[in-house]
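**Q** Take a look at this one; I'll ask things after.
The values are calculated or read from the model by the stated rules, or taken from the named source; none is laboratory data. No experiment lies behind these values; they were computed from the predicted model shown. So basically every Cβ, Gly included, is an ideal-geometry build from the backbone, and we count neighbours across all protein chains shown. Accessible surface is based on the protein model in full, side chains and every heavy atom, while ligands, DNA and RNA are left aside. Shrake-Rupley method; radii C 1.70, N 1.55, O 1.52, S 1.80 Å.
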Amino acid sequence: MDEQIPIIASVASGKGGVGKTFVTVNLAALLAKKKKRVLAVDCDLGLANMDIMLGLDPPLTLKDVVFGGATIRDAIIPTKAGFDLIAGSSGVKEMAQPLYEKIQLIKDALRPIFPSYDYVLLDTGAGISEMVLQFNLLAYRNIIVLNRELTSLTDAYAMIKVMYQIFARDCFSVIVNSTATEKEGRKIFSQIDTTCRKFLGFPLEYLGSITSDQAVPRSIIRQEVLAISTPQSLASKDCDCITQGVCSWETSY
Amino acid sequence: MWLAAHKGRKTDVVITFVDELPEPDRDALLARAHLVMVPDDDLLDKIVQLKKENNHLRSLTLTDALTGLYNTRFFTMQLEIEIARTRRTGQPSSMMMIDLDNFKLLNDTMGHVHGNRFLLKTASTLREQLRPTDIVCRYGGDEFAVIMPATDLFDAARIATRLQQAIAEIPLKKLLPISASIGVAEYSAESKGGSDEFVHQADMALYKAKKNGKNQVFYAGKPEKTVELDSVTQEEKWSLARSSKWRLEQVFSAAQPHNGTDSSGRAGLKKRS
């Protein structure tokens, strides 16, 4: 990266449990493998779980930054996969629905450390709460993760519509998770893309699909990063493709 | 054998066998007893009856006799609770003051019976239009107040606009300019004053609405969100769901034995059309 501005991308879905955190972690690891400086932030402050996925026990989280007066740099944890992590907090009610000022505080704390990275990935929570929207707003790129369930499709669309209506965002990248085939991924994407074009008036970018693979739940149980531990698996290869798509953003900046 | 439960000198409840008492004492005791049981009484029935009476009496102290809405006393109590809740959770609460425009004109031209009827209609309109968690009170003659727990100014203002329209649409026999002016205020975690200040804000907003020509909604402060939002429409949902139909067919075609024609291919054609 020639400039000091990193690519800031949020990973959102609307519906929970479609694989936001999985996508974030693997994307971060693969980007790091490409010798990029990557920071992943777990912005799901109510029910954060990126640290669990990586098998880490973070000494400091965003909660300590907001309520404990810790500096954001102290909360940065290097991971084995090669990227830096700022963990969120789990089970803290005040963080689940923080006041608008607290969200601003987090955003203000994050901004100064951005220039140290090439990529910043913000893993947002489920739903379309103020917090989720604010973190999506902080990012220049919004990655929407969905799966084959119709509810996830509708929720993803609702998320896009809200971002468009409130913040006039019209540039979203879609990843379809746990598909049977690559073709099915395209099919599902074309559906949300068609709806977006028709009702909101802009197209979506297709980043790719991730094939449903037994290796995925296995890696989660083992608290490993799939793309690093089993790079030969189908899902890993799909993640590779997606990472290449994300890298192509650099030139389009 | 008669039993009387009454307050004793040292304890809250004492049970006395009334039969053994001399007559004057007995009458005095029966007059001040909480509960009197005669041989045919069923205890459960008796308690149910007392409970009902109690509820009725309580409702008289908390609701308005004409409309059945809550009265000012309850309103003031509940407002304190909502303010405490906002301070604790940080979630804003809102309230609105509703005043009927030109209501005196209705009373004067059509009489108080019609006036009261209109108040009843207004009360039922408010109940219909508001959410179950909102607390509707009759604040004065033709004034109503609504507490909206866990509602920010943006939502409260939208609800107020809906109410204003609904009240303006209440049918009247004579063509009278009866409408509603509404003042809305929000209590947030940052609000400094107490309930008086909160009510005052809504009152001031109402005053502005009145002064500005009635039949409108004014709010104290500025709602943060100003964009008019549409929800995801049924049409959009259908558009999204079309693919799931295709997926259903896929599932079925995988479950049933194939007979040459590719069902997914057929569905693919259908999708394109």
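**Q** Which one of the conditions (1) within 14 Å of chain B (Cβ to nearest Cβ); (2) under 26 Å from A:TYR164 (Cα atoms); (3) at pLDDT below 80 does A:ASP108 fail to meet, given that it meets all the rest?
**A** That leaves (1) as the condition not met.
**Q** Within the stretch B:169-185, which residues are touching a strand residue (DSSP E or B) at 6+ places or on another chain (Cβ under 9 Å) and open to solvent by 50 Å² or more (accessible area, probe 1.4 Å)? Write out each step before concluding.
**A** Filtering the stretch B:169-185 for residues touching a strand residue (DSSP E or B) at 6+ places or on another chain (Cβ under 9 Å) gives B:177-185.
Scanning the stretch B:169-185 gives a single hit, B:PRO177.
**Q** Check whether at least one residue in the stretch B:203-214 is facing another protein chain (nearest Cβ under 10 Å), open to solvent by less than 70 Å² (accessible area, probe 1.4 Å) and at pLDDT 55 or above, and report yes or no. Break it down into steps so the answer makes sense when it comes.
**A** Taking the stretch B:203-214 first, the residues facing another protein chain (nearest Cβ under 10 Å) are none.
Looking through the stretch B:203-214, none of the residues is facing another protein chain (nearest Cβ under 10 Å), open to solvent by less than 70 Å² (accessible area, probe 1.4 Å) and at pLDDT 55 or above.
**Q** Right, here's the next one. Scan the stretch A:179-198 and give yes if some residue there is surrounded by 16 or more Cβ atoms within 10 Å (Cβ to Cβ), of a type in the set (Gly, Ala, Ser) and under 17 Å from the mean Cα position of the chain (by Cα), otherwise no.
**A** Within the stretch A:179-198 (the criterion being surrounded by 16 or more Cβ atoms within 10 Å (Cβ to Cβ), of a type in the set (Gly, Ala, Ser) and under 17 Å from the mean Cα position of the chain (by Cα)), the answer is no, since none of the residues qualifies.
**Q** Select from the stretch A:47-56 the residues that are surrounded by fewer than 24 Cβ atoms within 10 Å (Cβ to Cβ) and within 20 Å of A:ASN136 (Cβ to Cβ) and write down the one among them that is nearest to the chain's Cα centre (by Cα).
**A** A:ASN49
Conditions tested, residue by residue: (1) open to solvent by 10 Å² or more (accessible area, probe 1.4 Å); (2) in contact with a helix residue (DSSP H, G or I) (Cβ under 6 Å, 6 or more places away or on another chain); (3) of a type outside the set (A, V, I, L, M, F, W, C); (4) part of a loop (DSSP other than H, G, I, E, B).
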{"position": "A:VAL11", "(1), (2), (3), (4)": "no, yes, no, no"}
{"position": "A:VAL18", "(1), (2), (3), (4)": "no, yes, no, yes"}
{"position": "A:THR21", "(1), (2), (3), (4)": "yes, yes, yes, no"}
{"position": "A:THR24", "(1), (2), (3), (4)": "no, no, yes, no"}
{"position": "A:LYS36", "(1), (2), (3), (4)": "yes, no, yes, yes"}
{"position": "A:VAL41", "(1), (2), (3), (4)": "no, no, no, no"}
{"position": "A:LEU45", "(1), (2), (3), (4)": "no, yes, no, yes"}
{"position": "A:PRO58", "(1), (2), (3), (4)": "yes, yes, yes, yes"}
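**Q** What are the residue pairs meeting all of these: first residue in the stretch A:190-210, first residue within 29 Å of A:SER236 (Cα to Cα) and touching a residue at least 40 places away in the same chain (Cβ under 8 Å), second residue β-branched (Val, Ile, Thr) and open to solvent by 20 Å² or more (accessible area, probe 1.4 Å), Cβ atoms under 9 Å, and 6 or more apart or on different chains?
**A** A:ILE210/A:VAL216
**Q** Give the residues of the stretch B:170-198 that are over 13 Å from B:PRO92 (Cα atoms), hydrophobic (A, V, I, L, M, F, W, C) and part of a loop (DSSP other than H, G, I, E, B), sorted by residue number.
**A** Once the filter is applied, which keeps residues that are over 13 Å from B:PRO92 (Cα atoms), hydrophobic (A, V, I, L, M, F, W, C) and part of a loop (DSSP other than H, G, I, E, B), the stretch B:170-198 yields B:ILE170, B:LEU172, B:LEU175, B:LEU176, B:ILE178.
**Q** Restricted to the stretch B:88-103, and to residues that are within 14 Å of chain A (Cβ to nearest Cβ) and of a type outside the set (Gly, Ala, Ser), which residue is most open to solvent (accessible area, probe 1.4 Å)?
**A** Here is the first cut: in the stretch B:88-103, the residues within 14 Å of chain A (Cβ to nearest Cβ) are B:88-92.
Then keep just the ones that are of a type outside the set (Gly, Ala, Ser); that gives B:88-89, B:91-92.
Numbers: B:ARG88: 180, B:THR89: 58, B:GLN91: 81, B:PRO92: 33 Å².
The residue in question is B:ARG88.
**Q** Of the residues that make up the stretch A:89-100, is at least one more than 14 Å from chain B (Cβ to nearest Cβ), buried (at least 16 other Cβ atoms within 10 Å of the Cβ) and part of a loop (DSSP other than H, G, I, E, B)? Steps first, answer last, please.
**A** Our first condition is that a residue be more than 14 Å from chain B (Cβ to nearest Cβ); within the stretch A:89-100, this holds for A:89-91.
Next, only the ones that are buried (at least 16 other Cβ atoms within 10 Å of the Cβ) stay: A:89-90.
Cutting the leftovers down to part of a loop (DSSP other than H, G, I, E, B) gives us A:89.
Among the residues of the stretch A:89-100, at least one is more than 14 Å from chain B (Cβ to nearest Cβ), buried (at least 16 other Cβ atoms within 10 Å of the Cβ) and part of a loop (DSSP other than H, G, I, E, B), which makes the answer yes.
**Q** Moving to a separate point now. Only helices (runs of 4 or more DSSP H) wholly contained in the stretch B:1-119 count here; list those with 2 or more residues that are out of contact with any His (no Cβ under 7 Å at 6 or more places or on another chain) and under 30 Å from A:GLU130 (Cα atoms). Spell out the reasoning first.
**A** Numbers: elements: B:23-32, B:43-62, B:72-89, B:103-110.
Of the helices (runs of 4 or more DSSP H) lying wholly inside the stretch B:1-119, those with at least 2 residues that are out of contact with any His (no Cβ under 7 Å at 6 or more places or on another chain) and under 30 Å from A:GLU130 (Cα atoms) span B:72-89.
**Q** Okay, next question. Which one of B:LEU153, B:LEU130, B:LEU106, B:LEU126 is open to solvent by less than 50 Å² (accessible area, probe 1.4 Å), within 27 Å of B:GLU186 (Cα to Cα) and over 11 Å from the mean Cα position of the chain (by Cα)? Walk me through it before giving the result.
**A** On the way: B:LEU130 fails: over 11 Å from the mean Cα position of the chain (by Cα); B:LEU106 fails: within 27 Å of B:GLU186 (Cα to Cα); B:LEU126 fails: over 11 Å from the mean Cα position of the chain (by Cα).
So the residue among B:LEU153, B:LEU130, B:LEU106, B:LEU126 that is open to solvent by less than 50 Å² (accessible area, probe 1.4 Å), within 27 Å of B:GLU186 (Cα to Cα) and over 11 Å from the mean Cα position of the chain (by Cα) is B:LEU153.
**Q** Another question, if that's okay. Sort through A:SER212, A:SER173, A:SER178 and tell me the only one that's more than 10 Å from chain B (Cβ to nearest Cβ), under 19 Å from A:ALA12 (Cα atoms) and touching a strand residue (DSSP E or B) at 6+ places or on another chain (Cβ under 6 Å). Please lay out each step first, then the result.
**A** Working: A:SER212 fails: under 19 Å from A:ALA12 (Cα atoms); A:SER178 fails: touching a strand residue (DSSP E or B) at 6+ places or on another chain (Cβ under 6 Å).
Within the list A:SER212, A:SER173, A:SER178, the selection yields A:SER173.
**Q** Going through the stretch A:158-177 one residue at a time, which ones are in contact (Cβ under 8 Å) with a residue 60 or more places away in the chain and under 11 Å from A:CYS196 (Cα atoms)?
**A** Initially, the stretch A:158-177 is screened for residues in contact (Cβ under 8 Å) with a residue 60 or more places away in the chain, giving A:158-159, A:173, A:175, A:177.
Within the stretch A:158-177, just A:ALA158 meets the criteria.
Condition check ((1) part of a loop (DSSP other than H, G, I, E, B); (2) at pLDDT below 85; (3) not charged (D, E, K, R)) across all residues:
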{"residue": "A:GLY127", "(1), (2), (3)": "yes, yes, yes"}
{"residue": "A:MET131", "(1), (2), (3)": "no, yes, yes"}
{"residue": "A:VAL145", "(1), (2), (3)": "no, no, yes"}
{"residue": "A:SER152", "(1), (2), (3)": "no, no, yes"}
{"residue": "A:ASP155", "(1), (2), (3)": "no, no, no"}
{"residue": "A:ILE160", "(1), (2), (3)": "no, no, yes"}
{"residue": "A:MET163", "(1), (2), (3)": "no, no, yes"}
{"residue": "A:ILE175", "(1), (2), (3)": "no, no, yes"}
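**Q** Give just the number: which of (1) assigned by TED's automatic domain parsing to the domain that holds B:SER124; (2) surrounded by fewer than 11 Cβ atoms within 10 Å (Cβ to Cβ) does B:ARG85 not satisfy?
**A** Only one criterion in (1) assigned by TED's automatic domain parsing to the domain that holds B:SER124; (2) surrounded by fewer than 11 Cβ atoms within 10 Å (Cβ to Cβ) is unmet by B:ARG85, namely (2).
**Q** How many residues, within the stretch B:203-219, are without any contact (Cβ under 8 Å) to a residue 40 or more places away in the chain, touching a strand residue (DSSP E or B) at 6+ places or on another chain (Cβ under 8 Å) and more than 13 Å from B:THR161 (Cα to Cα)?
**A** 4
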